[in-house]
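Colleague: Handing you this structure, nothing more for now.
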Amino acid sequence: MKDLTQGLISRQLVAMAVPIAIGMLFQTLYLLVDLIFVSRLGDAAIAGVSTAGTVSFVILAATQMLGAGTVALVSQAAGRKDQAQANLVFNQSVLLSAIFGVLMLAWGFLAGGAYVHWIAADAAAAAAGTAYLYWYTPGLALQFALVAMGSALRGTGIVRPTMVVQMLTVLLNTALAPILISGWLTHHPFGTAGAGLASSISVAFGVVCLWVYFVRLEHYVALHPQQWRPRWGLIGRILNIGLPAGGEFLMLLVIIGVIYLVIRQFGPPAQAGFGIGGRVMQALFLPVMAIAFGVTPVAGQNFGAGRFDRVRETFRTAVILSSVLMFLITLVCQWHPEWFIYVFSREPEVAAVGAPYLRIISWNFIASGLIFTCSGLFQALGNAWPSLLSSASRLLTFVVPVVLLSRQPHFSLTEVWYLSVATVTVQALTSLTLLMREFRRKLGAQPATADGAAENAVTVAPGTERN
């Protein structure tokens, strides 16, 4: 366990963010590698895989629901030096990962195809997307086990083992993708189905690697089957933190799904351009997302230890770091955004959508960084519901107007992108306002003393008492 209640916060955030960013980069490469090889199959394949890939936001929501609660409670327990509670939280998280995995398998095989056919631009894109999703479903189910183990480590301040495992899985996926998608060596291409199968095999390999690490090397939190019996009170606390965090990703899924629906009238090239632009944006966001992911354990340990001054400093430092990074990323997207699109497709119709999307949407990057940072702080404080409220506001400010705009005779795609910029800015201001209120509620009553302990701190954060 790494003690995050001592030392320079800026150094701790960077030390956490760098391996997290590397791991997230390799994780993002799953979809990018698949997209590179799938792009050779045509626009319908790109549109199909991009459409089916929106299901990954459902998995992100569910894994975030599991991971956010695990990181928050493990980090708070670690800050209080309560190893027994940290272990119990971790093992209950492992139990939840098994439950979520089974539910994902059932949904993917029973309803995934219907979802893709509903949202795809045409029959060819739907067929390609369904084949991809069918074979990727086992990998999506196994993601929960990876998140449970990785989140527990992150809560204790350890992130490098997860990074190494993610790198290995992506390297394996990169090796398998051309073989299974294009038929290299075997001369038996599986197309988009091969992309899904390559990812599933790679995720399974990652689960085995991380499980071996816990069995042989990890000592602070460990796998204890006797603690896999449901502790409903503790599970409720994990989900109380995780549900709103997962709900934020579901809101994002709704927004992206609506965009796919309203732009399908422009055909598969438009959906392909938006899909590629969205994947590129995810990759560009990785450094800032990594800072936000590092915020939760750093602030969580200090909150559990009563170091409220360091919780506030964590927020200030993270905002500065993320804003600088987002400003630089914005400049890149304003310069030559079409270069990013050409990596995946040289089709003029695809670039005509993807490049303007990146150029316009980049104006909300700094606001997005602020939203990510606020979300990490809400989780660290053990109350992510205000963050969900902020995200839900976009259902009114973005979804309703864009649906109405799409019914107008001269509707254009740029209207969607500019509306997104405006509504993300409003969401950022909402998140900041709600976080300041949360700071006053939870950090204002017990200022930290000179030696770092909270004066008269006899209680712990709500929901973190021993089960």
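Colleague: Taking Cα atoms, how many degrees apart are the long axis of helix 43-52 and the longest axis of the chain, rounded to 10 and kept between 0 and 90?
Modeller: That helix lies at roughly 30 degrees to the long axis.
Colleague: Relative to the first principal axis of the alpha-carbon coordinates of the chain, what is the inclination of helix 286-304, with its axis defined by its Cα atoms, in degrees from 0 to 90 and to the nearest 10?
Modeller: On a 0 to 90 degree scale, this one is about 20.
Colleague: Beyond 40 Å, how much of the Cα-Cα pair distribution for the chain remains, as a whole percent?
Modeller: 17
Colleague: Here is a follow-up. Placing +1 on the Cβ of each Lys and Arg and -1 on the Cβ of each Asp and Glu in the chain, which of Leu4, Ile371, Gly42 has its Cα farthest towards the positive end of the resulting dipole?
Modeller: Towards the positive end, the residue furthest out is Leu4.
Colleague: While we're on this one: Rounded to the nearest 20 debye, what is the charge dipole size of the chain about its Cα centre when +1 sits on each Lys and Arg Cβ and -1 on each Asp and Glu Cβ?
Modeller: 860
Colleague: Let me ask something additional. Can you give me the Cα centroid spacing of the stretch 81-125 and the stretch 296-334 in angstrom?
Modeller: Their Cα centres are 29 Å away from one another.
Colleague: Now, a different point. Work out from phi, with θ = phi - 60° and the Karplus expression 6.51 cos²θ - 1.76 cosθ + 1.60, the ³J(HN,Hα) of each residue of the stretch 270-275, listed in order in whole Hz, and give x for Gly and Pro.
Modeller: Listing the rounded values in order: 5, 5, 5, x, 5, x Hz.
Colleague: Continuing with the same structure: Distance between the C-alpha centers of the stretch 222-258 and the stretch 366-414? Whole Å please.
Modeller: 21
Colleague: Please get the size of the charge dipole for the stretch 1-146, origin at its Cα centre, with Cβ charges of +1 on Lys and Arg and -1 on Asp and Glu, quoted in debye to the nearest 20.
Modeller: 440
Colleague: What dipole magnitude, in Debye to the nearest 20, does the stretch 232-388 give about its Cα centre under +1 on Lys/Arg Cβ and -1 on Asp/Glu Cβ?
Modeller: So the dipole magnitude of the stretch 232-388 works out to roughly 280 debye.
Colleague: Could you tell me what percent of the accessible area of the stretch 344-389 is made up of carbon and sulfur, with a 1.4 Å probe and every protein chain present?
Modeller: The computed percentage sits at 67.
Colleague: Another question, then. Starting from a Cα-only point model with no solvent, please compute log10 I(q)/I(0) by Debye for the stretch 359-424 at q = 0.21 1/Å.
Modeller: Result of the Debye calculation: -0.88.
Colleague: Taking Rh as the Kirkwood radius computed over C-alpha pairs, what is the Stokes-Einstein D of the stretch 230-346 at 4 °C in a medium of viscosity 1.567 mPa s, expressed in µm² per second?
Modeller: 74
Colleague: I would also like to ask the following. Just to confirm the number: angle between the C-alpha axis of helix 9-38 and the first principal axis of the chain, 0 to 90 degrees, nearest 10?
Modeller: The helix 9-38 is inclined about 20 degrees to the chain.
Colleague: Moving on to the next point. Rounded to the nearest 500, what is the chain's calculated 222 nm mean residue ellipticity when only DSSP H runs of at least 4 contribute -39500 (n - 2.57) each, over all residues? Each step should come with its number before you reach the end.
Modeller: Numbers: 17 runs with 361 residues, N = 467.
Result for the chain: -27000 deg cm²/dmol, rounded to the nearest 500.
Colleague: Would you work out which of Gly275, Gln64, His410 lies farthest towards the positive end of the dipole of the chain, given +1 charges on the beta-carbon of Lys and Arg and -1 on that of Asp and Glu, about the Cα centre?
Modeller: Result: Gln64.
Colleague: Sticking with this one: With every protein chain left in place and a probe of 1.4 Å, what is the accessible surface of Arg231, to the nearest 10 Å²?
Modeller: 60
Colleague: For Leu389, Leu413, Leu252, give me the order by solvent-accessible area with a 1.4 Å probe, most accessible first, ignoring ligands, DNA and RNA.
Modeller: Working: Leu389 110, Leu413 25, Leu252 65 Å².
Order by accessible area, largest first: Leu389, Leu252, Leu413.
Colleague: Among Gln83, Met163, Leu396, whose Cα lies farthest out toward the positive end of the dipole of the chain, if unit charges sit on the beta carbon of Lys, Arg (+1) and Asp, Glu (-1)?
Modeller: Selected residue: Gln83.
Colleague: Mind giving me the FRET efficiency for Ala422 and His219? R0 is 51 Å, r the Cβ-Cβ distance, nearest 0.05 is fine.
Modeller: 0.55
The values are calculated or read from the model by the stated rules, or taken from the named source; none is laboratory data. These numbers come from a predicted model, not from an experiment. Positions of Cβ are generated from backbone atoms using ideal geometry, with glycine treated the same way; all protein chains shown enter the neighbour counts. Protein only, heavy atoms only, side chains kept; ligands, DNA and RNA dropped before computing areas. Shrake-Rupley method; radii C 1.70, N 1.55, O 1.52, S 1.80 Å.
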